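Undergrad: Next up is a structure, given as C-alpha cells.
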Amino acid sequence: METVKACLKQGALLIAALSVFCALITHSVASPTQVRFAINTPGSPPYLFYDKLSQSYRGVVVDFFSFVEARGHYVVSYLDSNRVRSENFLLQGEADVFLSAVEWLNNPESFVLSDTFMKHASYMYSTSAFYGPFVPADNPNASICTRYGFIYPVLQELFYKNSGGLVRVNSNSQTTMAMMLARGRCDFTIMSEQNALSIMFEEQFCDTAFYQSSNVISDVDLVFVIRPELAALRDIIKLELKNFTDSGALQESINRHSGIHRFPKHKCPA
C-alpha cells in the first residue's frame with residue numbers, strides 16, 4: 001500500500017513539474033521579448049514613417065524588424081519621440097533602440113551600436129538646375145529649408161553667420177521641406193538622397209521639377225543605437241541584418257519605399 005502511495009505521489013509531482021514546464025514554454029512562445037523603438041516623429045521616408053492611410057508605421061526599418069520578428073527573436077513597438085529625447089529615453093530605460101548616425105549623437109559613448117543599416121548621403125535640392133557643385137560661399141544669404149532640431153554639420157556654422165551666411169528655414173518633416181521648396185519659400189533644401197527619392201516623385205509634386213546637386217554635402221552611416229544593457233539585442237541585429245542584406249530583402253525594401261527614380265525629377269507631361 002505504501003509503495004502505491006509513493007508511486008502516486010511521485011506521479012503527481014511529475015505531472016506538476018510537467019505542467020510548470022509547459023506553462024513556461026507557452027509563456028515563452030506567447031510573450032516574446034518586447035523592444036521599444038523610439039521614432040523622430042513623424043518619421044522620415046523611406047527609413048521609418050507614419051502612413052496615414054494604414055494608420056501604422058512603415059519603411060525599411062519596419063520591414064527589417066518584421067524580418068527579425070518572423071524569426072522569433074523580438075516583437076517591436078514604436079514610440080513617438082525626437083532625436084534629442086530618444087537619447088534620454090534610452091538612458092532612462094524608457095526605450096530600447098532608435099536609428100541615427102554616430103555623428104548626430106550627443107553621448108555616443110553611452111550606447112552600443114549596430115553595424116551600418118543604411119547609407120545616408122545628403123545633397124542640396126533646388127527647383128532650378130545646378131551649374132556645378134553647390135558651394136555655400138557662392139550662395140550668400142540663400143535660404144535653406146531644413147528639419148527642425150536637425151544638425152547639418154557642413155552648413156551649421158553658416159547658419160550662425162550674420163552676413164553672407166545661409167538662412168535656415170525650419171519645417172517639421174522632409175515632406176514639408178519639399179513643399180516649401182516647391183512653393184518658393186526657400187532657395188534650396190537639404191536631405192538624404194533616399195528621403196528625396198521617396199518624397200519628390202510623389203504625385204503632389206507633379207507640377208514641380210527638382211534638381212540634385214552634383215556634390216554630396218554630407219555622408220554618414222545610419223546605425224541602430226541601443227541601450228548598453230541590451231548587448232544581446234545588438235548581437236541579434238548584427239546577425240539578422242546580414243541575413244536581411246544577403247537575401248536581397250534590404251534592397252527590395254529600399255526600392256519599394258524609395259522607388260527606382262533618378263534625378264533630375266521633371267514635371268509630369270501635360
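FYI, it's all coordinate maths here, none of it is from the lab. Since we're looking at a predicted model, the values are computed, not measured. Cβ sites come from the backbone with ideal geometry, for glycine too, and all protein chains shown count toward neighbours.
Undergrad: Can you give the alpha-carbon Rg of the stretch 177-270 over 2.2 N^0.38 Å, where N counts its residues?
TA: Relative to the 2.2 N^0.38 Å estimate, the stretch 177-270 comes out at 1.42.
Undergrad: Continuing with the same structure: Counting only other residues whose beta carbon sits under 14 Å from that of SER122, what net charge do I get with K and R as +1, D and E as -1?
TA: The answer is -2.
Undergrad: Now, a different point. Mind listing the phi-derived Karplus ³J(HN,Hα) values for the stretch 160-165, rounded to whole Hz, using 6.51, -1.76 and 1.60 with θ = phi - 60°, and x for any glycine or proline?
TA: Using θ = phi - 60°, the values come out as 9, 7, 6, 10, x, x Hz.
Undergrad: Where does the stretch 95-223 land on Rg(C-alpha)/(2.2 N^0.38 Å)?
TA: So the Cα radius of gyration is 1.10 times the expected 2.2 N^0.38 Å.
Undergrad: What's the longest bit of the chain with no exposed trypsin sites (Lys or Arg not before Pro), using DSSP loop states and at most 10 other Cβ atoms within 10 Å as the test?
TA: Counting at most 10 other Cβ atoms within 10 Å as exposed, the longest clean stretch of the chain is 53-182.
Undergrad: While we're on this one: Based only on other Cβ atoms within 10 Å, what is the fewest-to-most ordering of SER44, SER253, SER143?
TA: Going from least to most buried by this count: SER143, SER253, SER44.
Undergrad: Note down the net charge around GLY43, summing +1 for each Lys or Arg and -1 for each Asp or Glu among other residues with Cβ under 10 Å from its Cβ.
TA: -1
Undergrad: For the chain, what does the helix formula give at 222 nm: sum of -39500 (n - 2.57) over DSSP H segments with n ≥ 4, over the residue count, nearest 500 deg cm²/dmol?
TA: Taking each H run of at least 4 residues, the total per residue is -11000 deg cm²/dmol.
Undergrad: What is the distance, in nm, between label points placed 7 Å from the Cα along the Cα-to-Cβ direction at ARG71 and at ASN170?
TA: The modelled label-to-label distance comes out at 4.0 nm.
Undergrad: Treat each spin label as a single point 7 Å out from the Cα along the C-beta direction, and report the THR33 to SER247 distance in nm.
TA: A separation of 1.9 nm, rounded to one decimal place.
Undergrad: In addition: Length gain on complete extension for the stretch LEU79 to VAL135, per 0.36 nm per residue less the alpha carbon to alpha carbon distance?
TA: Here the segment from LEU79 to VAL135 would lengthen by 16.4 nm.
Undergrad: For Kirkwood radius over Cα pairs in Å, the listed values are [x] 19.1; [y] 20.2; [z] 21.2; which was obtained by calculation from the structure presented?
TA: [z]
Undergrad: Across the chain, where is the longest run that never hits GluC sites (Glu not before Pro) in a DSSP loop with at most 15 other C-beta atoms within 10 Å?
TA: 95-201
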